[in-house]
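Coordinate-derived values only; no laboratory data. Computed from a prediction, not measured in an experiment: that's the story for all the values here. As a convention, Cβ positions derive from the backbone with ideal geometry for all residues, glycine included, and neighbour counts pool all protein chains shown.
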Amino acid sequence: MVSSEIKNFGILGYPVGHSLSPQMYKAAFEAAGFINYNYIPLEVHASKLYFAVEGLKGLGFRGVNVTIPHKTTIAKYLDAIDADALVIGAVNTVVNDGGILTGYNTDVSGFLAALAEANFLPEDCHAVMLGAGGAARAILWGLCKKRAECVTIGARNPQKAQALANDFLSYGHVEAFDWNTDEFKEMLQTADILINTTPLGMFPEVDGMPPVDLKLLPEGALVYDIIYNPAETKLLKTARELGYPTLNGLSMLLLQGKEAYRLYTEQIPDMKVMTKTLEKILYKK
């Protein structure tokens, strides 16, 4: 059904030129018949964030996605925060309902939906997570929500990893280690899933990978890299060659986008269109 109603959406960040969100959402809107739905890159310096948020109300934006460096700082300018975003401490989606701005974090639902599509159940698993940055928080919360038996964080900065673990100790069994230690290597030997949340191996630095010995993983452990460009990172290639099942980050990107689209429109997007759009851009398919 074609709709002639005009609605504006966008992505708020600094910079935003690298974002794939405009192409992804525009394709989904077009497929749904929303011919006058506009998706606009909004490059906003941190010092101007308050004015930009107020401008969303004044200009009648229905919603925006939020990216670096505003995911944590935007919360103080919003009227309400969803429970997931509150625990994670970051907002990546804002919805405007009649001038009331509510912040959400769709990364956690995207992460869990991607695991479900891969037929991996995080309940009672031992998850080993590499990295302790912003992306790690949403993934750690998803694992805690689904009652993973234990989450082991490995990072190059053990102090940062321990600080992250401390934030989630009330939600589950979370441990932190320097990923170069023998203690961390022991943890790898009982992992059901290994999740890379670091940028190591991301385009254009495709020769990089976290310093982990994948051969220590048990047979059948899932190796999951949330990077989606390239489609197969060095970590995933190494894991595949060793016989482990692998998963890249494209499904998480698409599925968190699906949830944001639902929040914006109260409808489910055409996932085939969104997937084809991103694969054409990323992998020249």
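Take Asp124, Asp107, Asp84 and order them by how many other Cβ atoms sit within 10 Å, fewest up front.
Numbers: Asp124 11, Asp107 29, Asp84 20.
So the ranking, lowest neighbour count to highest, is Asp124, Asp84, Asp107.
Nearest 500 deg cm²/dmol is fine: what mean residue ellipticity at 222 nm does the chain get from its DSSP H runs of n ≥ 4 alone, each adding -39,500 (n - 2.57), divided by its residue count?
-11000 deg cm²/dmol
Provide the per-residue ³J(HN,Hα) series for segment 97-109, in order, calculated from phi with Karplus coefficients 6.51, -1.76, 1.60 and θ = phi - 60°, each as a whole number of Hz, with x at glycine and proline positions.
These are the phi-based 3J(HN,Hα) values: 10, x, x, 9, 9, 10, x, 10, 10, 8, 4, 5, 5 Hz.
According to a simple spin-label model (label point 7 Å from Cα along Cα-to-Cβ), what is the distance in nm between Glu30 and Glu205?
3.5
Which ordering of Leu282, Leu247 is given by a fewest-first count of other beta-carbon atoms within 10 Å? Mind showing how you got there, number by number?
Numbers: Leu282 16, Leu247 21.
By the 10 Å Cβ count, ascending, the order reads Leu282, Leu247.
Using a cut-off of 30 Å between alpha-carbon atoms, which lysines can reach Lys48, once sequence neighbours fewer than 8 places away in the same chain are excluded?
Once the sequence-local lysines are set aside, what remains near Lys48 is Lys7, Lys26, Lys57, Lys71, Lys76, Lys160, Lys258.
Whole Å is fine, so just give me how far the alpha carbon centre of segment 74-121 lies from that of segment 36-61.
Their Cα centres are 18 Å away from one another.
Quick one: compute the contact order of the chain, relative version, from alpha carbon pairs under 8 angstrom and 6+ residues apart, as a percent. Don't jump to the answer; show the numbers that get you there.
On the way: 559 pairs, mean separation 44.3, N = 285.
16 percent.
Tell me, Val44, Val128, Val223 in order of fewest to most beta-carbon neighbours within 10 Å?
Numbers: Val44 22, Val128 28, Val223 25.
Fewest-to-most ranking of Val44, Val128, Val223: Val44, Val223, Val128.
So in the chain, what percent of DSSP beta bridges are antiparallel if you round to the nearest 5? Mind dumping the intermediate values first?
Working: 8 of 43 bridges.
Within the chain, antiparallel bridges account for around 20 percent of the total.
Rounded to the nearest 0.05, what FRET efficiency do Leu216 and Ser170 have when you use their Cβ-Cβ distance and R0 = 35 Å? Walk me through the numbers before you get to the answer.
Numbers: r = 30 Å, r/R0 = 0.85.
Approximately 0.70, to the nearest 0.05.
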